[in-house]
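Asker: Below you will find the structure I want to go over with you.
The values are calculated or read from the model by the stated rules, or taken from the named source; none is laboratory data. Quick caveat, the model's predicted, so the values are computed rather than measured. We place every Cβ from the backbone using ideal geometry, glycine too, and count neighbours over all the protein chains shown.
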Amino acid sequence: MLSPASLAEWTRAAGLLDETPEFTARDLAEAVEVREAVYRTVWARLEDRPPTEADVDLLNAHATRPRLVPTLLPDGSTRREGTLSGLLATLAADLLDLLGDPDFGRIKRCANTDCTRLYIDSSRGGNRQWCGMSECGNRAKVKAFRRRHREPH
Ligand SMILES: [Zn+2]
């Protein structure tokens, strides 16, 4: 179940913020709205369809707002802090950069049909099939192994 705490956890894990503000349920709803627009827009591109008008408006609106910026501290280290607005602006602007990037062709859908994740295939041969080996990749291998070794009845 998604909660404002999971949004905070994700922003730290994704390396977007070092210190997260106290997110509210409304912040979470807004973040999910942007996440879904990002997802639909990438999906549309993968299927050679234009994005929806509503997603274009939403993503452009966020992308024009001030983004997260790192701060240099007196000891020479840096710290990333910011607001939800800055976070969503960064996500939207990063997506627009990605859509214009020749590397967009490396964006793939996970081969596991139960999984809805998209990922960037950074393998040298460009032949990665799963979002992650530890999750879908291993599950697919175990399934294939069981299929090969199933005893006939
Ligand atoms: Zn997957």
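Asker: What pairs come out if I take residues in segment 118-141 that are acidic (Asp, Glu) and modelled with pLDDT of 85 or more and pair them with residues that are away from the ligand (no atom under 13 Å from the Cβ) and part of a helix (DSSP H, G or I) whose C-beta lies under 8 Å away, six or more apart or interchain?
Answerer: From residues that are acidic (Asp, Glu) and modelled with pLDDT of 85 or more, the pairs are Asp121/Arg106.
Asker: Would you call Leu95 in the same structural domain as Glu30 (by TED's automatic domain parsing), crowded, with 18+ Cβ neighbours inside 10 Å, more than 14 Å from the chain's Cα centre (by Cα) and closer than 16 Å to Val34 by Cα?
Answerer: So Leu95 fails the test.
Asker: Quick check on my filter: what residues within segment 132-153 are assigned to a helix (DSSP H, G or I) and more than 16 Å from the ligand (Cβ to nearest atom)?
Answerer: Correct list: Phe145, Arg146, Arg147, Arg148, His149.
Asker: Can you work out which of the residues in segment 7-42 that are within 12 Å of the chain's Cα centre (by Cα) and of a type in the set (Phe, Trp, Tyr) is farthest from Phe104 (Cα to Cα)?
Answerer: That would be Trp10.
Asker: Please work out which residue is surrounded by the most Cβ atoms within 10 Å (Cβ to Cβ), limiting yourself to segment 106-122 and to residues that are assigned to a strand (DSSP E or B) and away from the ligand (no atom under 13 Å from the Cβ).
Answerer: Ile107
Asker: Right, here's the next one. Could you tell me which of the residues Gly125, Gly76 is of a type in the set (Gly, Ala, Ser), more than 14 Å from the ligand (Cβ to nearest atom) and assigned by TED's automatic domain parsing to the domain that holds Asp48?
Answerer: Going through Gly125, Gly76 in turn, just one is of a type in the set (Gly, Ala, Ser), more than 14 Å from the ligand (Cβ to nearest atom) and assigned by TED's automatic domain parsing to the domain that holds Asp48: Gly76.
Asker: Follow-up question, since we're still on this one. Could you check Gln129 against (1) assigned to a helix (DSSP H, G or I); (2) surrounded by 12 or more Cβ atoms within 10 Å (Cβ to Cβ) and say which number it fails?
Answerer: (1)
Asker: When you scan segment 59-68, do you find a residue that is within 27 Å of Arg106 (Cβ to Cβ), crowded, with 18+ Cβ neighbours inside 10 Å, among the small types (Gly, Ala, Ser) and free of Cβ contacts under 8 Å to residues at least 60 places away in the same chain, even just one?
Answerer: Checking segment 59-68: at least one residue is within 27 Å of Arg106 (Cβ to Cβ), crowded, with 18+ Cβ neighbours inside 10 Å, among the small types (Gly, Ala, Ser) and free of Cβ contacts under 8 Å to residues at least 60 places away in the same chain.
Asker: From Leu73, Leu68, Leu99, which residue is of a type outside the set (S, T, N, Q) and within 26 Å of Pro4 (Cα to Cα)?
Answerer: None of the others qualify; the one that does is Leu68.
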